[in-house]
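Asker: Below are the structure tokens for one structure; questions will follow.
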Amino acid sequence: MELATTLKGHTVWNAVREVGINPNYWYPVAWANDLKPGEIMPVVIWQQAIAIYRDQAGKLHALEDACPHKGIALHKGEVQGANLVCAYHGWALNGDGKLVDIPYLPPNQKLPCAQAHSYPIQEKYNIIWIFPGNSSLAEHCHPPDVPEFADPDWLMVPIPGHFQAHFSICNENTMDVFHGFLHKELQGWFDPLLMSLREGQGKVCADYQVSYRGNLSKFLGLSEQGNQVTTKTVSIQYRYPHYHSSLEGVSSLYLMRLPVGPSLTRSFSLLFVKIRLPQWFLGMLRPLLVPVIWHWFLKKFLDQDKEMIESEQQTYLANPQRRYVEINPAIIALQRVIVKQYEQYMQQSNQQGNNGHPDSSAIATDQAQLI
Ligand code: FES
Ligand SMILES: [Fe+2]
């Protein structure tokens, strides 16, 4: 549905700062190369503690981070072959969370029936993904497509993000192109215009026109000369719960969101930039360029955003009744989608008798519409 792009005042719906997630999507939890065979890592998706481990054969597994014996966090244990062995009494669970050994149980005795919940897990684009919702729906849904990942013409810069704030505040920052003011010292963008806005089931797409100037813009291929102003279109697509934004073939950003808890959010982003250098030269420079771009450019932007995002969260927590005013209809549309996704999930959960596993056909239809 096409929406008006007029900037006019709306009262922000504070419910959006309190909503939970729809867990029936793939969420990013770690960079894949940070987890070697035999290693375990604790992760959290919306207050669900999960132990992920890579077995000795390199296969990934995800189990609830609680031993079925006494609840000890499983990530404190160790990997033995394909199993995760609890640190306390050495009970061994396989990748499905099934108890397969108790080291002190006499050989003629049967294992008790005990199990840790397991989650669908996969790795793609050097990111580890978990599906925290109804496992039977995992195969109907996929992490976002990132075609640039396999294209050597693009330089990929992985960007980690860590924010003490609700995911709605973080998501609004990404959709909000009108905050170029914050980055003015870093040669960010200026004169933004919202050109078009569309809202669909679980998604918001906005096209903005923005202008650039300066040597950084020249380096990124945005302008021919550093002192010239170049105007380009930034297209931002929010497909719950992740983002893709692109700048007319110059850059492409995939921002994968991990809501950890009511006031803690992480992100795993992949930025692709077209650097105008010969392929062989770019190949040589790649290991140097990535840390330079990250430390000298992107991190500075991100730190400025982080400060604003966390300030917004703190002020909200100090007085949740206070009302705020937004004039960007893209932000209002985004809030609607976030709240609707949660309400829809809760409604489906309730129809299933509060077991947290909503009707699979209903969700499968939603997923199909999102793709
Ligand atoms: S608590 Fe895990 S083995 Fe006993
Ligand atoms: Fe920003």
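The values are calculated or read from the model by the stated rules, or taken from the named source; none is laboratory data. Please read these numbers as outputs of a predicted model, since none were measured by experiment. With ideal geometry, Cβ positions are generated from the backbone for all residues, glycine too; neighbour counts draw on all protein chains shown. Heads up: the accessible areas ignore ligands, DNA and RNA and are worked out on the full protein's heavy atoms, side chains in. Shrake-Rupley method; radii C 1.70, N 1.55, O 1.52, S 1.80 Å.
Asker: Just one of (1) assigned to a helix (DSSP H, G or I); (2) touching a helix residue (DSSP H, G or I) at 6+ places or on another chain (Cβ under 9 Å) trips up N33, so point out which.
Answerer: Answer for N33: the failing condition is (2).
Asker: Hey, another quick one. Select, from V157, V100, the only residue that is in contact with a helix residue (DSSP H, G or I) (Cβ under 8 Å, 6 or more places away or on another chain), part of a strand (DSSP E or B) and not acidic (D, E). Don't jump to the end; show me each part of the working.
Answerer: Working: V100 fails: in contact with a helix residue (DSSP H, G or I) (Cβ under 8 Å, 6 or more places away or on another chain).
Only one candidate passes the filter, namely V157.
Asker: Follow-up question, since we're still on this one. Could you tell me whether the stretch 31-38 includes any residue that is over 30 Å from D176 (Cα atoms), within 16 Å of ligand 1 (Cβ to nearest atom) and free of Cβ contacts under 8 Å to residues at least 60 places away in the same chain?
Answerer: no
Asker: Specify which of the listed residues (W91, W31) is open to solvent by 20 Å² or more (accessible area, probe 1.4 Å) and under 30 Å from R239 (Cα atoms). Let's see the steps before the verdict.
Answerer: Details: W91 fails: under 30 Å from R239 (Cα atoms).
Every option except W31 fails the conditions.
Asker: Now for a different question. Looking for something closer than 25 Å to R17 by Cβ, acidic (D, E) and modelled with pLDDT of 95 or more - is there at least one such residue anywhere in the stretch 160-175? Show your work before the answer.
Answerer: At the first step, the residues of the stretch 160-175 found to be closer than 25 Å to R17 by Cβ are 160-175.
Narrowing further to those that are acidic (D, E): 172.
From what is left, the residues that are modelled with pLDDT of 95 or more are 172.
Within the stretch 160-175 (the criterion being closer than 25 Å to R17 by Cβ, acidic (D, E) and modelled with pLDDT of 95 or more), the answer is yes, since at least one residue qualifies.
Asker: In addition: So which residues in the stretch 94-114 are in contact with an Asp or Glu (Cβ under 8 Å, 6 or more places away or on another chain) and either more than 15 Å from ligand 1 (Cβ to nearest atom) or open to solvent by 60 Å² or more (accessible area, probe 1.4 Å) (or both)?
Answerer: Step one: list which residues in the stretch 94-114 are in contact with an Asp or Glu (Cβ under 8 Å, 6 or more places away or on another chain), which gives 95, 97, 111.
Passing the criteria: G95, L111.
Asker: Looking at V177 and the list (1) touching a residue at least 40 places away in the same chain (Cβ under 8 Å); (2) surrounded by fewer than 20 Cβ atoms within 10 Å (Cβ to Cβ); (3) β-branched (V, I, T), which single condition is not satisfied?
Answerer: For V177, the exception is condition (2).
Asker: Looking only at the stretch 61-88, count how many residues are closer than 16 Å to L111 by Cα and open to solvent by 60 Å² or more (accessible area, probe 1.4 Å).
Answerer: 2
Asker: How many of the residues making up the stretch 245-257 are part of a strand (DSSP E or B) and touching a Ser or Thr at 6+ places or on another chain (Cβ under 7 Å)? Reasoning before the result, please.
Answerer: Of the residues in the stretch 245-257, the ones part of a strand (DSSP E or B) are 245-247, 251-257.
If we keep only those that are touching a Ser or Thr at 6+ places or on another chain (Cβ under 7 Å) as well, we get 245-246, 252-257.
The number of residues fulfilling the criteria is 8.
Asker: Could I ask something else about it? Taking L370, is it touching a Gly at 6+ places or on another chain (Cβ under 7 Å), at pLDDT below 90 and farther than 16 Å from S168 by Cβ?
Answerer: When the stated conditions are applied, L370 passes them.
Asker: Which one is most open to solvent (accessible area, probe 1.4 Å) among residues in the stretch 115-141 that are within 16 Å of ligand 1 (Cβ to nearest atom) and in a loop (DSSP other than H, G, I, E, B)?
Answerer: The extreme case among them is H117.
Asker: How many residues are assigned to a helix (DSSP H, G or I) and within 12 Å of ligand 2 (Cβ to nearest atom) if we restrict to the stretch 162-200? Steps first, please.
Answerer: Here is the first cut: in the stretch 162-200, the residues assigned to a helix (DSSP H, G or I) are 167-175, 177-186.
From what's left, within 12 Å of ligand 2 (Cβ to nearest atom): 170, 172-175, 177-184, 186.
Looking only at that region, the number is 14.
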